[in-house]
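Undergrad: First, the structure itself, so that you have it in front of you.
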Amino acid sequence: MASWLIENAAVVTMDDEERVLPEADILIQGAEIAGLWASGETPRGTTADRRIDAKGMVALPGLVNAHTHCAMTLLRGYADDMPLVPWLQERIWPFEMKLNEEDVYWGSLLGIAEMIRGGVTCFNDMYHYPEATMRAVLDSGIRGIVSGVVLALLPDAKDRLERAIELAGEWKGKGDGLLVTMLSPHAPWTCPNDLLERVVEGAQETGVGIHIHVSETEEEVQNSLRQFGKTDVGRLEEIGLLDISPVLAAHCVHVTDSDIHTLVEKRVGISHNPGSNMKLASGTAPIPRLLAAGAIVGMGTDGAASNNNLDMIEEARLAALLHKLQARDPTVVTAHQAIAMATRGGARALGIGDRVGQIKPGWKADLILLDFRQPHLFPPHDVVSHLVYAARAGDVRTVFVNGRPLMVDRELRTLDEEKIFAHVAERLKRLM
Ligand SMILES: [Zn+2]
């Protein structure tokens, strides 16, 4: 694999010291970041196969979309302005019943192309036909954490779970470690205890994590209290599901103080999805309280049917704005906290935070360059503030994953968008 020297970029490292280097050089060798120096301090004789003059650009760790359903790009704009349960039961689930593996493959590639264009280098996916999304991950070169969704209402739920456990074991670590697998019971309200218990066993047998929706709506939590005498978090703790590592709990909108204590104690990763929570009117997750309690919080777009894009820069802005409004306090969820959730927070929540989510020598070369030589990003008083409050997905110019360029100067290197559009359009004729 070619080595790259990125010169003269402003580097937002997201490292433990939270350094922002005004002008620095980054050396990529193989899959890793081999060097990071302030410009002028780069050792003489440092060479690379390719160089990028990144003057006027900002380098940021790749964005981590901690919760999505990638192939739901097929349903973008298909059903909007409805409450969660009828939205799922009347529109989304009936459409999904018609999907086949190739539909999910092309829908996943569409979502991956969108995410690469918006600077996402890693996504955590829960959906049907996970083999299709796994193939899309390997074909595109993005980092993907993929699991096959299981819910009791599917007629073959138990068989699907056994197949998901097999797949998680077979595919984990493929693509030079780019592919990570998990198990994904849809949510406590759609999975009875015996199904959840088998998920826990399966995770132990295969050594993979668990991805699950938790306490997205108030109704779910009320039903859980009536049926089990426990909140979702309390019930998952009792089953032993929170003892698996990692567990990624998506949403956590309606969690109690005691739930927050449990989530922190068990080191459960949380994906905050403000766009989806606002669009489905699910509520506002208590992110300031979770962060203050020391929870591991990442951020996700959720599926394109409830967002309706996979733009993590927009998501970071929504998070910063939503919590200020809710708390009526402009100091709540700072730009830095929002970007941290969208990068290293997501990586930590997904159990890969020891190698992904920071620009740091020895870490995976998952990083992006944004073009700040544009009117809406000038003058660059504070690049972190601009990333959250002024930047757009289209400002991302170049994207590296595992040291491989997936987009250079806005040109995708591994995917053919025209081909993806043609396949998706053709498949929709049958699905509609
Ligand atoms: Zn979701």
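Undergrad: What does the charge add up to near Asp156, with Lys and Arg as +1, Asp and Glu as -1, over the other residues with Cβ less than 13 Å from its Cβ?
TA: Its environment carries a net charge of +1.
Undergrad: Quick one: helix 130-140 against the long Cα principal axis of the chain, what's the angle to the nearest 10°, folded into 0 to 90?
TA: 10 degrees
Undergrad: So the label point goes 7 Å from the Cα of Lys230 along Cα→C-beta, right? Which residues of the stretch 247-287 then have their backbone N under 19 Å from it?
TA: Backbone N within reach: 247-250, 252-269.
Undergrad: Give the value in nm², to one decimal: projected area of the alpha carbon convex hull of the stretch 198-287, averaged over all directions.
TA: Orientation-averaged projected area of the Cα hull: 5.7 nm².
Undergrad: What is the magnitude of the charge dipole of the stretch 51-161 about its Cα centre, with +1 placed on the Cβ of each Lys and Arg, -1 on the Cβ of each Asp and Glu, and no other charges, expressed in debye to the nearest 20?
TA: The dipole of the stretch 51-161 has a size of about 440 debye.
Undergrad: Would you tally the net charge around Pro405, using a Cβ to Cβ cut-off of less than 9 Å, leaving Pro405 out, and scoring K and R as +1, D and E as -1?
TA: +3
Undergrad: Based on Cβ point charges of +1 for Lys and Arg and -1 for Asp and Glu, what charge dipole magnitude is obtained for the stretch 9-73 about its Cα centre, in debye rounded to the nearest 20?
TA: Here the size comes out at about 280 debye.
Undergrad: Which percent of Cα pairs goes in each bin when the distances of the chain are cut into 10 angstrom slices starting at zero?
TA: The distribution over the chain is 5, 23, 33, 25, 11, 2, 0, given as percents.
Undergrad: Describe numerically, in nm with one decimal, the distance between label points set 7 Å from Cα along Cα→Cβ at Asp80 and at Glu218.
TA: Each label point is offset 7 Å from its Cα along the Cβ direction, giving 2.6 nm.
Undergrad: Something else now. Helix 417-431: angle to the longest alpha-carbon principal axis of the chain, degrees 0 to 90, nearest 10?
TA: On a 0 to 90 degree scale, this one is about 10.
Undergrad: Still on this structure, I have one more. Pop a pseudo-label 7 angstrom from the Cα along the beta-carbon direction at both Arg355 and Phe421 and give the gap in nm to one decimal.
TA: The answer from the label model is 3.7 nm.
Undergrad: Dipole of the chain, Cα-centred, from +1 at each Lys and Arg C-beta and -1 at each Asp and Glu C-beta, to the nearest 20 debye?
TA: It comes to approximately 600 debye.
Undergrad: Give a residue-ordered list of calculated ³J(HN,Hα) values for the stretch 65-78 (Karplus: 6.51 cos²θ - 1.76 cosθ + 1.60, θ = phi - 60°; whole Hz; x for Gly, Pro).
TA: Values, residue by residue: 8, 7, 7, 8, 10, 4, 6, 5, 4, 4, 9, 4, x, 7 Hz.
Undergrad: Of Val255, Thr231, Met115, whose Cα points farthest to the positive end of the dipole of the chain (charges on the beta-carbon: +1 Lys, Arg; -1 Asp, Glu; origin at the Cα centre)?
TA: Met115
Undergrad: The stretch 96-171: which trypsin sites (Lys or Arg not before Pro) are DSSP loop and have at most 16 other beta-carbon atoms within 10 angstrom?
TA: The qualifying sites are Lys98.
Undergrad: Ok, one more. Output the antiparallel fraction of DSSP beta bridges having both residues in the chain, as a percent to the nearest 5.
TA: For the chain, the DSSP antiparallel bridge percentage is about 45.
Undergrad: Just to check I understand the Karplus step: with θ = phi - 60° and J = 6.51 cos²θ - 1.76 cosθ + 1.60, what whole-Hz values come out for the stretch 239-255, glycine and proline as x?
TA: Along the stretch 239-255, the couplings run 6, x, 5, 7, 8, 6, 9, x, 10, 10, 9, 7, 5, 6, 6, 10, 10 Hz.
Undergrad: I need the Kirkwood Rh of the stretch 129-278: take the reciprocal of the average 1/r across all distinct C-alpha pairs and report it in angstrom.
TA: 15.7 Å
Undergrad: While we're here: Placing +1 on the Cβ of each Lys and Arg and -1 on the Cβ of each Asp and Glu in the stretch 225-359, which of Gly351, Pro286, Leu318 has its Cα farthest towards the positive end of the resulting dipole?
TA: Farthest towards the positive end: Leu318.
Undergrad: Averaging over every viewing direction, what projected area does the convex hull of the Cα atoms of the stretch 79-171 cover, in nm²?
TA: That works out to 6.7 nm².
Undergrad: Could you put Cys70, Cys191 in order, starting from the residue whose Cβ has the fewest other Cβ atoms within 10 Å?
TA: Listed from fewest to most nearby Cβ atoms, that is Cys191, Cys70.
Undergrad: Additional query: Under the Karplus relation 6.51 cos²θ - 1.76 cosθ + 1.60, θ = phi - 60°, what is the ordered set of whole-Hz ³J(HN,Hα) values for the stretch 43-55, x standing for Gly and Pro?
TA: x, 4, x, 5, 10, 8, 5, 10, 10, 10, 7, 9, 4
Undergrad: Counting Lys +1, Arg +1, Asp -1, Glu -1, what net charge surrounds Gly357 among other residues with beta carbon under 10 Å of its beta carbon?
TA: +2
Undergrad: Provide, in order from the shortest bin, the percent of all Cα-Cα pairs of the stretch 261-329 in each 5 Å bin, continuing until the bin that contains the maximum pair distance.
TA: 3, 17, 27, 24, 18, 10, 2
Undergrad: Calculate for the chain the 222 nm mean residue ellipticity that helices alone would give, adding -39,500 (n - 2.57) per DSSP H run of length 4 or more and normalising by residue count, nearest 500 deg cm²/dmol.
TA: Rounded to the nearest 500, it is -10000 deg cm²/dmol.
Undergrad: What list do you get for Ser108, Ser184 if you sort them by fewest beta carbons within 10 Å?
TA: Ser184, Ser108
Undergrad: Could you list which residues have their amide H under 5 Å from that of Leu406, counting only those 5 or more apart in sequence or on another chain, with H placed in the peptide plane?
TA: Amide H neighbours of Leu406, under 5 Å, 5+ apart: Val399, Phe400, Val401.
Values in this text are rule-based calculations from the coordinates and carry no lab data. If you're wondering where the values come from, they're calculated on a predicted model, not measured in any experiment. Reconstructed Cβ throughout: ideal geometry from the backbone, glycine too, with neighbour counts over all protein chains shown.
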